[in-house]
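Student: I'd like to ask some things about the structure below.
The values are calculated or read from the model by the stated rules, or taken from the named source; none is laboratory data. Just so we're clear, the structure is a prediction, and the values are computed from it rather than from any experiment. All Cβ positions, glycine included, derive from the backbone under ideal geometry; neighbour counts span all protein chains shown. All accessible areas refer to the heavy atoms of the entire protein, side chains included, with ligands and DNA or RNA removed. Shrake-Rupley method; radii C 1.70, N 1.55, O 1.52, S 1.80 Å.
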Amino acid sequence: MPEERNGISSGGGSNYEINLENFSKRLKAFYSNWKDHKDDLWGSTDALVVATPPASEDLRYLKSSALNMWLLGLEFPETIMVFTSKQIHFLCSQKKASLLEVLKKPAKEAVGAEVVMHVKVKSDDGKGLMDKIFRAVSEQSKNNGHEVPNIGYIAKEAPEGNLLEALNEKLQSSKFTLADITNGFSELFAVKDSAELTNVKKAAFLTSSVMKHFVVPKVEKIIDDERKVSHSTLMMDTEKTLLEPGRIKVKLKAENVDICYPPIFQSGGEFDLRPNASSNDESLYYESTSVIICAIGARYNSYCTNVARTFLIDANIVQSKAYEVLLRAHEAVIAALQPGNKASAAYQAALSVVERDAPEFLGNLTKSAGTGIGLEFRESGLSLNAKNDRVLKAGMVFNVSLGFHNLQAQTKNAKTEKCSLLLADTVIISEKNPDVVTSICSKAVKDVAYSFNEDEEEEVEKAHVKYEPKNTEGVLSKATLRSDNQEMSKEELRRQHQAELARQKNEETARRLAGAGLAAGDSRVGQRNSSDLVAYKGVNDLPPARDLIIHIDSKNEAILLPIQGAMVPFHVAMIKSVSSQQDNNRTCYIRIIFNVPGTPFNPHDANTLKYQNSIFVKEFSFRSKDPRHSSEVVQQIKNLRRQVALRESEKAERATLVTQEKLQLAGTKFKPIRLLDLWVRPPLGGRGRKMTGSLEAHVNGFRYSTSRPDERVDIMYGNIKHAFFQPAEKEMITLMHFHLHNHIMVGTKKTKDVQFYVEVMDVVQTLGGGRRSAYDPDEIEEEQRERERKNRTNTDFQNFVNKVNDLWGQPQLRGLTLEFDQPLRELGFHGVHHKASAFIVPTSSCLVELVETPVLVVSLGEIEIVNLERVGLGQKNFDMTIVFKDFKKDVKRIDSIPSTSLDGIKEWLDTTDLKYYESRLNLNWKPILKTITDDPEKFIEDGGWEFLNMEASDSESDNSEESDQKYEPSDASSESISDEEDNDSESLVESEDDEEEDSEEDSEEEKGKTWEELEREASNADKENGDESDSEEDRKRRKMKAFGKSRMPEKSRGPPPKRPKMR
């Protein structure tokens, strides 16, 4: 009876049918491989003997069992299979033989082999049947010219059970020549067909889903609650979840699922990176600088997958650096898995990364970067080590597992002084790029590094400051120094990380520039050819002339002008402008100017180039005694031009749209997920009152529709780049926003951003102007209604988002890697990205502002660097410039960010691995980017982006600051020099005095302040800063800065002395 541990149904023969189509296809592939590689892989064998051992509850991976699963779809325990060129012998029980009888016809058709059954009764030891089989083998071998047959068997599989021991005894005592055929089966199983890859992908989806939706949240909860849970308990809970996919809403049948090995949880300094490691009974250790390793593997229809992640708790510099290097090395291995490469090239890629970035960790690197995986967890002959020269092929599957073992973490804690790191993913080699089928479980630093001690550090710092007495100046300096030292250590860590990012960024930019990623291209939409503008096809189509006056033919979009006694037609698109004037005699003049090819803004097209020597009419003027008629003519021409221009513009926009797939309605497959009463942005066109609509999630996309049949918007899942859900907290709306890869038309507007929202509260203006009491029952009731409405709306949106996330998690959509992202309000800051100040919020993958229009969506993956401008002492706000990897794209500026947000923004940029620079002035980025694209080699030779490094330039200029302060030019020369500098630098930088914080400060700056007011403000500022011993020169300098450049006295027009750099 067929059996398998936690696998396919093991009932009677009638419960399972062999897939004969698969059997025929794979048997043909088996015999073809045996024939093609008979000498080098199959040992020149005449017959192949494969025997499966008795059923067992133990986890084991055998080539004999793998052949059963691959060929027959089920494991047949205690069954002997003997393959020859003309016959296939099965020695098994009666029940198994009855199930295998169906193979006779397809085997004969596929390879011309006769299937012979040898039924073994329970009391028989099977030796007589074996002799019968071997006599048939010997007879066939003699017919082929071989006196002694060469028998192939799997030498590494030890015989289990009486039947297999008897078979082994027969083989060893016979006169047959024996050969090991392990390598043949390794080659046979290495490349998976489409059905096998589907099983691998389903298993990988289960594995990574358990890691993401069960293991990670459970470990986080244990740490948050500070509970003691043993590794073995975590192992058992995870194994139950793997065997019951419904617990994490994975729709796979539990009977098809099994584990590859018991899940592994390790922490507390004891680590074993081998797959056969076990989870001990020690409690999960999550104190500062601890490391937690989690590894799980699942099988679907016996096909294995694996994923392993390392989690860092308050990591120190060594651990952080080691993980970042391991992550890059792991990605390098995956990138090297290309068809045609050798297996050793993958491990060499990891070695190169470690040797380049952290040679001190080279001795801790694992000796292999993984193995092939499939029906066996470790496929022999497919190890990714330095010695394996096996050529990779599309369809191979690898468990890419790389780690650092026993790293010295340089801590004083015995449980954290040594640590190990491990990363593992299941990867399918394809013709294009490797497919990481476990990628939904993130391994990015921001997702695996946890920090839990920030609040405690802040409390300790506050306690230190409060403890000191207040009566001496020395005390203030102590408190300040203690705080500064803590800040400096944090800043030092950030500076080191930024220096590493700068090196990586310059290398990445150099590779991209060297790869001709900046190839020139013109993305402008081609203008309409003049030959396409046809008002009338022939003279007979002209309308009959009533009078020799200007006539407008709206139907044919033409203007008929009286010229030399005839009506001459012109298409309205050929008219550049039209105007009318009236003189003192009430005579009106109508002037019509045409688009003339060859002039600026009117280049030649393909049609006009044929007639370059022709004479073109530039303008006409007509005189009229009827002012009313002339004004009506001009207005009609303008209206017609506007209509035609609008239509052509819309047509041109639609011409650039990418053709999208057709929406597949849910129909009978599942009930569409629906959200009602939504508004859409951009709004749909059309006349009459605007209406709300409903959003439905179907098989491959969303559909938004109103009660009007012509108002409909389809958004394909494959076109969604980012999806956001932002519940109303301090805003007036709850929204869902989709940022798309390609433009679509919403009404008459071409857009990449589509938003659906609901207003959670009404904007109410009290006409009386009086204030209502806070205890007014009506006011309280109204606020309560608004709160309930907001909570209800947020809940409806959240339920819709959760259901769509589950839909996107299905295997057929998993490759899109879509998931709703939610803005992190605690990291938000105010800034001006368009015209007005808005609250800009980071998400895990973007920087967004979704409430005010136009919206802002910047993908972090598209950012090259960030430059923080106008950063300096005394500044109330600063600007952020985002430079994209596509240097043809304009930079994105976010202005007037409060200086109080500077540290938070720097910390966020550093955490997300974005390189940032600081500068004291605004830079003109267009010429800078043009210089880079014109001469990228010089840009790289000059240090790449390091020209923005303000710290480097400060260190070079420290020695000259004192001499700069002593230099005081004369009035005349200083005025002329400053004027020249202002003129020269006007196109490169913007003066920080030109941008004030708000309109009130602008008005005060225009009015100016008296010297007494400025003196009083300066004195108050000195008292607040505890610095009343400033020199006269310092006070004058502050006075000049507050007074403003526009009102500076003549004697002070020279440059003010520089402020000493604070150490």
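Student: What accessible area per residue, rounded to a whole number of Å², is obtained for the stretch 227-374 using a probe radius of 1.4 Å?
Tutor: 37
Student: Given charges of +1 on the Cβ of Lys and Arg and -1 on the Cβ of Asp and Glu, with all other atoms neutral, how large is the dipole of the stretch 37-106 about its Cα centre, in debye to the nearest 20?
Tutor: The dipole magnitude comes to about 320 debye.
Student: Output the relative contact order of the stretch 89-187, whole-number percent, from Cα pairs under 8 angstrom with separation of 6+ residues.
Tutor: 23
Student: Output the relative contact order of the stretch 207-277, whole-number percent, from Cα pairs under 8 angstrom with separation of 6+ residues.
Tutor: Once divided by the residue count of the stretch 207-277, the mean separation gives 30 percent.
Student: Moving to a separate point now. Quick one: which of 57-69, 935-947 comes out on top by average Cβ neighbours within 10 Å, and what's the full order, highest first?
Tutor: Peptide ranking by packing, descending: 57-69, 935-947.
Student: Turning to a different aspect of this structure: Out of residues 5 or more away from Cys846 or on other chains, whose amide H comes under 5 Å of its own, with H placed 1.01 Å from N in the peptide plane?
Tutor: Amide H to amide H, under 5 Å and 5 or more residues apart or across chains, Cys846 pairs with Leu860.
Student: Given H placed on each backbone N at 1.01 Å, which residues far from Gly747 in sequence or on other chains put an amide H within less than 5 Å of it?
Tutor: Under 5 Å from the amide H of Gly747 lie the amide H atoms of Gly685, each far enough along the sequence or on another chain.
Student: While we're looking at this one, here's another question. Of the accessible area of the stretch 212-312, with the probe set at 1.4 angstrom, what percent is carbon plus sulfur?
Tutor: Answer for the stretch 212-312 is 46 percent, counting heavy atoms of protein chains only.
Student: State, as an integer percentage, the relative contact order of the stretch 158-263 based on alpha-carbon contacts under 8 Å between residues 6 or more apart.
Tutor: 20 percent.
Student: Then there's this: Roll a 1.4 Å probe over the protein chains and send me the accessible area per residue for the stretch 901-948 in Å².
Tutor: Value for the stretch 901-948: 50 Å² per residue.
Student: If amide hydrogens are placed 1.01 Å from N in the peptide plane, which non-local residues have theirs closer than 5 Å to the one on Gln87?
Tutor: Counting only residues 5 or more places away or on other chains, the set is Glu114.
Student: When ligands, DNA and RNA are left out and all protein chains stay put, how many square angstrom of accessible area per residue does the stretch 831-878 have with a 1.4 Å probe?
Tutor: It amounts to 33 Å² per residue over the stretch 831-878.
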